[in-house]
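This report refers to the structure that appears directly beneath it.
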Amino acid sequence: MPDLAPLITMVRQGDTPLHGPPPAALPAPVPHADLRRAIVEGDPELLADLGPDTRNVLLTLARIWVTLATGAIRSKDAAADWAPERLAPAHRPSLAWARAGYLGQETGAAPSGAAARACADALVRGLRAVADQPS
């Protein structure tokens, strides 16, 4: 279950119990190598949804990248704030469109399929460059 490692990490980082002890006191932390492997393994499935779910895919890729680079799991809009300075200017409008829509702001026209794919590919290159670095 590739999603389990990031979910446990998010719960531990949030450390807000609904009932019982704080989450950080329960399961052991997920080793960073396991977290990295789990979130990178989901890329192919995620990219398969780019056409019908462009906004979510772009934001999720930005979120994966920031998690790999910083070790902190951030919200999708925070990840979309972090990523643009690391992207070529041509890819920034697609991510800005996704962020604005996520926040319920006016988004304008969706990026073309080619622009969304180019942005997604750039995000994947960025996250894989970080994922491929030794721990």
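The values are calculated or read from the model by the stated rules, or taken from the named source; none is laboratory data. This one's a predicted model, so the numbers in the text were calculated from it and none came from an experiment. All Cβ positions, glycine included, derive from the backbone under ideal geometry; neighbour counts span all protein chains shown.
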From the options T67, T16, T9, residue that is farther than 23 Å from S112 by Cβ, out of contact with any strand residue (DSSP E or B) (no Cβ under 9 Å at 6 or more places or on another chain), in a loop (DSSP other than H, G, I, E, B) and among the hydroxyl-bearing types (S, T, Y): T16
Before we move on, is A33 at pLDDT 75 or above, more than 11 Å from the chain's Cα centre (by Cα) and of a type in the set (A, V, I, L, M, F, W, C)? yes
Go through (1) assigned to a helix (DSSP H, G or I); (2) charged (D, E, K, R); (3) more than 15 Å from C119 (Cβ to Cβ) for R74 and report which single condition fails. (1)
Boolean, G51 is on the phi > 0 side of the Ramachandran plot and in a loop (DSSP other than H, G, I, E, B): no
Screening R63, R74 for residues that are charged (D, E, K, R), under 10 Å from the mean Cα position of the chain (by Cα), crowded, with 16+ Cβ neighbours inside 10 Å and within 18 Å of R128 (Cβ to Cβ) leaves only R63
Before we move on, is A48 of a type outside the set (S, T, Y) and either more than 18 Å from Q13 (Cβ to Cβ) or in contact with a Ser or Thr (Cβ under 6 Å, 6 or more places away or on another chain) (or both)? yes
Taking the stretch 70-91 and keeping only residues that are over 22 Å from R36 (Cβ atoms) and touching a residue at least 24 places away in the same chain (Cβ under 8 Å), one is left with D77, A88, A90, H91
If T16 meets every condition in (1) under 11 Å from the mean Cα position of the chain (by Cα); (2) among the hydroxyl-bearing types (S, T, Y); (3) farther than 23 Å from A129 by Cβ apart from one, which number is that one? (1)
Within the stretch 96-130, residues among the aliphatic types (A, V, I, L, M), in a helix (DSSP H, G or I) and touching a residue at least 40 places away in the same chain (Cβ under 8 Å) come out as A98, A116, A120, L123, V124, L127, V130
State yes or no: is L87 within 13 Å of the chain's Cα centre (by Cα), crowded, with 18+ Cβ neighbours inside 10 Å and of a type outside the set (S, T, Y)? no
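In the stretch 77-95, which residues are closer than 18 Å to A131 by Cα and either in a helix (DSSP H, G or I) or among the small types (G, A, S) (or both)?
Across the stretch 77-95, the qualifying residues are A79, W82, A83, R86.
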